[in-house]
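Here is the structure we will look at.
Values in this text are rule-based calculations from the coordinates and carry no lab data. All values derive from a computational prediction rather than experimental measurement. For neighbour counting, all protein chains shown are included, and Cβ atoms are generated from backbone atoms with ideal geometry for every residue, glycine included.
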Amino acid sequence: MYDLILVRYGEMTLKKKNYQQFLKQINLNLRNKLRQFSKLTFSGTNYRFYIYLNGEDYRKVIEVLDTVMGLYSYSLCVQTKPIYEDMAKAGVLLLEREEARENSSFKVETHRADKSFPATSIEISQEVAKRILPQVPGLKVDVHDPDYTVAIDLRNEGTYVFVKTILGMGGYPSGVAGKGLLMVSGGIDSPIAGFLSLRKGIHLTALHFASPPYTSDMALQKVIDLLQVLANYTPDGKIKLLVVPFTKIQTAIHQHADSIYLVTLMRRQMYKIAARLCAKNQYDVIINGESIGQVASQTLESIAVVNEVTNIPIIRPLATYDKEQIINIARRIKTYDISVRPYEDCCTVFVPEHPIIKPRLDRVLNEENKCNLDGLLEEAIAGIEEISLNNIEKKSVLSKFGNFEI
């Protein structure tokens, strides 16, 4: 039925200076993602990428395209000759595919990039429309609000007719914006922060803080499962997870500091560890799922006190999002059901009933000094374990990862 899929690039088309770099990266990402389909062939121009199906199931190809960052849209096309009768025949075929019924309306829109064709875009649309009308009983023309639009893309490299266009992920190709360290807890927010960062071209490594025995094996399994969903949106289907043994640090804070500062102090230590890893591994930014005012640790005053521990840029993709907006994205990318599994993460351990919401830096430093955390930070960093994840092979915590027993 369909001959090819016409792919249009997204926001990257605005980046004139870096466009060729972005173009090279997105074409590489597309080929890597689609390599499972042996019959596909490809061609491309500066502004389009053509995927020739050659008998492959277009629905399965679309499922993969739905995970590729940097694509604005894609259309299911019939390729034809630049002849009115052939273009009309393709239009009829596509309308029948869409099950256009009696009293349905349509219009034809033409984009004439090939200026050698001896008619204007409007004239082409009119000529094709009047050839389609008698072939579909009951069909009528409505140029203002049609049920269907038969689009003709008339280019030097070919003539393409389509009715169905699907919006892509948008954003930038994965990997063009540098490397980020994503702090992931297992809740709803942090995976969405990771997804939005991938959409902006950031290559992600994930960082999780585990506090056994206060957090269970299944809390870590939840994080692993979430990241394996996110791996669907990386160019190679892979993502790396760093697991920090955090129990001793949390216990020391609980034992020595005023309880109202526990969350603030805990997050400061997390950022100290994250900053050390950024320096060691050349990560450009720290990323988290904080949303302003959502909880006590996410007031502007709390954020400022936590940020004080590092000069590494910290980005918060969800800073201005409402919870409902975050949940909607989580449902769409299929992380929500995993995130709401009833397994607590380290952020819920020893949490006071009334944590401070406007901490002062001098008092926070005073409480931090009581805890003698420097040695424990070094121990935690030395104990970090790396887990390599992908979107195919399911990883289970019912085993050991390196020297770190789950």
For the range 245-257, 3J(HN,Hα) per residue [Karplus equation, 6.51 cos²θ - 1.76 cosθ + 1.60, θ = phi - 60°, Hz, x = Gly/Pro]: x, 10, 4, 5, 5, 5, 5, 4, 5, 4, 7, 10, 9
For the range 178-184, 3J(HN,Hα) per residue [Karplus equation, 6.51 cos²θ - 1.76 cosθ + 1.60, θ = phi - 60°, Hz, x = Gly/Pro]: x, 10, x, 9, 8, 7, 10
Just to confirm the number: angle between the C-alpha axis of helix 84-97 and the first principal axis of the chain, 0 to 90 degrees, nearest 10? 50
Dipole magnitude (debye, nearest 20) for the chain, charges at Cβ of Lys, Arg, Asp, Glu: 960
If we count every other residue with Cβ under 15 angstrom of E378's Cβ, Lys/Arg +1 and Asp/Glu -1, where does the sum land? +2
Once phi for every residue in the range 237-242 is put through the Karplus expression 6.51 cos²θ - 1.76 cosθ + 1.60 (θ = phi - 60°), the whole-Hz ³J(HN,Hα) values, with Gly and Pro written as x, are x, 10, 8, 9, 10, 10
Would you please state which residues of the range 178-214 a label at V340 would reach in this model, taking the label point 7 Å out along Cα→Cβ and a backbone N cut-off of under 14 Å? 187-189
If R0 = 41 Å, then F117 and A279, at their Cβ-Cβ distance, give a FRET efficiency to the nearest 0.05 of 0.10
For a quick check: with amide H placed at 1.01 Å from N, whose amide H comes under 5 Å from L207's, ignoring anything fewer than 5 positions away on the same chain? L182, M183, V184, L242
With labels modelled as points extended 7 Å from the Cα through the Cβ direction, what inter-label distance (nm, one decimal) is found for K394 paired with D258? 4.8
Anchor K130: lysines whose Cα lies under 30 Å away (excluding residues fewer than 8 positions away in-chain): K81, K89, K107, K115, K140, K164
Between the alpha carbon centres of the range 92-151 and the range 320-350 the gap in Å comes to 45
For the chain, built as a Gaussian network whose Cα springs stay under 10 Å, the top-fluctuating residue of T310, T299, T45: T45
For the pair S105 and L28, what calculated FRET efficiency results from E = 1/(1 + (r/R0)^6), where r is the Cβ-Cβ distance and R0 = 35 Å, to the nearest 0.05? 0.25
Write out the trypsin sites (Lys or Arg not before Pro) in the range 1-92 meeting two conditions: DSSP loop, and at most 14 other Cβ atoms within 10 Å of their Cβ. K15, K16, K17, R35, K39
Taking the simple approach of a point 7 Å from Cα along Cα-to-Cβ for both K39 and E308, what is their distance in nm? 6.4
